[in-house]
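S.K.: Sharing a structure below in structure tokens format, with a few things to ask.
The values are calculated or read from the model by the stated rules, or taken from the named source; none is laboratory data. Because the structure is predicted, anything quoted here is derived from the model rather than measured. Here the Cβ positions follow ideal geometry from the backbone for every residue, glycine too, while neighbour counts run over all protein chains shown.
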Amino acid sequence: MKSPRRPFGALLAAGLLCAGAACSRSHTVSTADGKVSYQDKGKDAGTVTVTGKDGQTATLTFNQNKVPDDYPKDVPIYAPSKIVMSQSVSQENARNLMLESPDALDKIVDFYKKRLDSSGWKTESTMTTAQLTMLTATKDQRQLTLQITDSGDKRGVMQILSDKK
């Protein structure tokens, strides 16, 4: 039996390839499994919409160097940091935010622990190794996973926010 997500994944991959290949400002590609639409939204930003043959859609919005205007205000964002990339996907209301900071790993982890708690998030789990700390927190019907990595002269912070499953 064929997985219903397989065509969706293939279409999403095709859409990302189209986006990376600098398609025109707006472009649609149709396949037997559905269609992929790409819309350029300026420098380093765009939207890919995948529509399966059953009519179900998923939208991926991406942007570099900017936090989306509608990013939840109760999710802390470490400063000083550089926004490397942001993404949002319509399915499960998923959002990813990638940051880089010159600050120490422990300082960033302490910031998130304190700010999550003061913003009403409940830390469900913490995992720490020499070069990685991962926190999972929940609030209402949302889940936030933070991956904070030590990469020599900078730390990477990946925030993954979605509806609880």
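S.K.: Among LYS82, LYS41, LYS35, which is the only one that is among the basic types (Lys, Arg) and modelled with pLDDT of 90 or more?
M.R.: So the residue among LYS82, LYS41, LYS35 that is among the basic types (Lys, Arg) and modelled with pLDDT of 90 or more is LYS82.
S.K.: Another one. Tell me the residue from ASP163, ASP150 that is more than 19 Å from the chain's Cα centre (by Cα) and either of a type outside the set (A, V, I, L, M) or within 20 Å of PRO80 (Cα to Cα) (or both), please. Walk me through it before giving the result.
M.R.: Working: ASP163 fails: more than 19 Å from the chain's Cα centre (by Cα).
Only one candidate qualifies: ASP150.
S.K.: Let me ask something additional. Given the conditions (1) more than 19 Å from the chain's Cα centre (by Cα); (2) over 30 Å from THR31 (Cβ atoms); (3) surrounded by 12 or more Cβ atoms within 10 Å (Cβ to Cβ), and given that GLN56 satisfies all but one, which numbered condition is not satisfied?
M.R.: (2) is the only condition that GLN56 fails.
S.K.: Return the residues of the stretch 84-98 that are surrounded by fewer than 17 Cβ atoms within 10 Å (Cβ to Cβ) and either among the small types (Gly, Ala, Ser) or under 14 Å from ARG155 (Cβ atoms) (or both); say none if nothing qualifies.
M.R.: VAL84, SER90, ALA94
Listed here are the residues, each with its yes/no results for (1) in a strand (DSSP E or B); (2) outside the structural domain of VAL48 (by TED's automatic domain parsing); (3) modelled with pLDDT under 95.
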{"position": "PRO76", "(1), (2), (3)": "no, yes, no"}
{"position": "LEU99", "(1), (2), (3)": "yes, yes, no"}
{"position": "LYS107", "(1), (2), (3)": "no, yes, no"}
{"position": "TYR112", "(1), (2), (3)": "no, yes, no"}
{"position": "ASP117", "(1), (2), (3)": "no, yes, no"}
{"position": "LEU144", "(1), (2), (3)": "yes, yes, no"}
{"position": "GLY152", "(1), (2), (3)": "no, yes, yes"}
{"position": "GLY156", "(1), (2), (3)": "yes, yes, no"}
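S.K.: Could you list all residues from the stretch 112-149 that are surrounded by 11 or more Cβ atoms within 10 Å (Cβ to Cβ), among the hydrophobic types (A, V, I, L, M, F, W, C), more than 17 Å from TYR71 (Cβ to Cβ) and free of Cβ contacts under 8 Å to residues at least 40 places away in the same chain? Before you say what the answer is, go through the steps one by one.
M.R.: We begin by selecting, within the stretch 112-149, every residue surrounded by 11 or more Cβ atoms within 10 Å (Cβ to Cβ); these are 112-117, 119, 121, 123-124, 126, 128, 131-139, 142-149.
Then keep just the ones that are among the hydrophobic types (A, V, I, L, M, F, W, C); that gives 116, 121, 132, 134-135, 137, 144, 146, 148.
Applying the additional criterion that residues be more than 17 Å from TYR71 (Cβ to Cβ) yields 132, 134-135, 148.
LEU132, MET134, LEU135, listed by residue number.
S.K.: Looking only at the stretch 41-55, which residues are touching a strand residue (DSSP E or B) at 6+ places or on another chain (Cβ under 6 Å) and not charged (D, E, K, R)?
M.R.: If the condition is that a residue be touching a strand residue (DSSP E or B) at 6+ places or on another chain (Cβ under 6 Å) and not charged (D, E, K, R), then ALA45, GLY46, THR47, VAL48, THR49, VAL50, THR51, GLY52 are the ones that fit.
S.K.: Mind listing whichever residues of the stretch 150-165 are buried (at least 16 other Cβ atoms within 10 Å of the Cβ) and of a type outside the set (S, T, N, Q)?
M.R.: ASP150, ARG155, GLY156, VAL157, MET158, ILE160, LEU161
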